[in-house]
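The values are calculated or read from the model by the stated rules, or taken from the named source; none is laboratory data. These numbers were taken from a predicted model, which means no experiment stands behind them. Cβ placement follows ideal geometry from the backbone for every residue including glycine, while neighbour counts extend to all protein chains displayed.
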DNA sequence: GAAACGCGTGAAAGTGACTTTCACTCTCAG
DNA sequence: CTGAGAGTGAAAGTCACTTTCACGCGTTTC
């Protein structure tokens with residue numbers, strides 16, 4: 001799945017993404033949907049492809065990519081670090097309280113509901129985050 | 001482990017909960033529904049009522065109260081620290097990306113949906129967290 | 001009562017995820 | 001070629017939170 005060139009095709013006039021940032025983008029993208037990488041994991045993978053790359057570069061890259069809307073940042077309560085995933089269809093997350101595994105869950109708050117809430121409270125809603133917690137199939141057995 | 005605390009609000013005259021934990025509970029409780037206090041804020045309030053109380057005691061107390069299900073812990077992406085609120089009806093949270101204010105929002109994932117998701121994926125769901133992000137009424141004007 | 005026990009306590013040090021700083025390097029328009 | 005600005009890596013800093021530990025207070029057990 002070569003999405004990598006859509007980036008430049010989408011807006012060729014846009015300033016080129018620095019190659020390290022591009023590398024980080026590729027790593028997250030290639031992790032695939034449903035995978036959730038921590039900055040440390042991304043750094044490890046990046047090191048193999050570009051020895052000498054710094055930790056701070058990875059953080060900076062993730063920050064930039066997040067701001068550009070190219071990757072999605074995810075904070076899950078109970079998880080020690082943030083995780084990053086490719087942009088995909090809206091979904092919720094499930095975290096197992098025992099093993100800490102994070103799974104994608106196909107759920108989104110109905111847009112009708114969002115509109116109603118926004119109208120009622122007088123705010124605008126840009127994004128939503130839904131996280132479930134419980135015990136995953138594997139841990140439930142024990 | 002014997003649970004010696006009966007913390008029913010109907011009988012506050014029987015505080016078997018260590019007094020510092022009770023103090024912390026009272027502070028969160030008195031903050032009222034819809035308020036969200038950080039440990040630092042709670043510590044400040046606690047200091048006024050019981051000079052000399054330690055930071056660690058506040059953290060320990062919150063941890064205990066959370067485990068006992070007496071207060072609710074809330075991690076909001078973008079907010080630097082966790083916040084605590086009294087136990088109340090299930091609701092979602094809204095955070096303004098500009099001023100950082102956190103508001104309660106009356107929304108909960110339908111229990112029918114929860115059951116369906118749990119059955120489909122083979123996990124059990126103990127809790128859910130829904131957070132919206134956007135611009136609040138005040139900040140939208142500017 | 002007195003001794004024994006255990007939970008609660010506060011200060012301080014530790015941890016770990018991120019962030020900032022800074023001197024250096026690379027890139028590229030002019 | 002050249003200079004300005006963006007990017008970079010190492011290291012130090014920040015900050016929320018956790019752990020440790022010696023002490024103390026209250027309760028239990030003679």
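Results, tabulated for the structure shown:
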| read-out | value |
| --- | --- |
| Members of region B:83-104 found to be at pLDDT 95 or above and within 8 Å of another protein chain (Cβ to nearest Cβ), listed by number | B:94 |
| Some residue of region B:110-126 being under 18 Å from the mean Cα position of the chain (by Cα), at the interface with chain A (Cβ under 10 Å from one of its Cβ atoms) and over 23 Å from residue B:19 (Cα atoms) | yes |
| Number of the condition not met by residue A:43 [criteria: (1) free of Cβ contacts under 8 Å to residues at least 24 places away in the same chain; (2) surrounded by fewer than 19 Cβ atoms within 10 Å (Cβ to Cβ); (3) more than 10 Å from chain B (Cβ to nearest Cβ)] | (2) |
| Complete set of residues in region A:47-84 that are in contact with a helix residue (DSSP H, G or I) (Cβ under 9 Å, 6 or more places away or on another chain), within 12 Å of DNA strand C (Cβ to nearest atom), assigned to a loop (DSSP other than H, G, I, E, B) and under 26 Å from residue B:129 (Cα atoms) | A:81, A:82 |
| Extreme residue, nearest to DNA strand D (Cβ to nearest atom), among residues of region A:64-81 that are within 14 Å of chain B (Cβ to nearest Cβ) and surrounded by 14 or more Cβ atoms within 10 Å (Cβ to Cβ) | A:77 |
| Filter pass, residue B:37 being touching a helix residue (DSSP H, G or I) at 6+ places or on another chain (Cβ under 7 Å), away from DNA strand C (no atom under 16 Å from the Cβ) and modelled with pLDDT of 95 or more | yes |
| Filter result for residue A:44 (closer than 27 Å to residue A:139 by Cα and either out of contact with any helix residue (DSSP H, G or I) (no Cβ under 6 Å at 6 or more places or on another chain) or within 16 Å of DNA strand D (Cβ to nearest atom) (or both)) | no |
| Complete set of residues in region B:98-129 that are assigned to a loop (DSSP other than H, G, I, E, B) and either surrounded by 17 or more Cβ atoms within 10 Å (Cβ to Cβ) or touching a residue at least 24 places away in the same chain (Cβ under 8 Å) (or both) | B:98, B:99, B:101, B:107, B:109, B:123 |
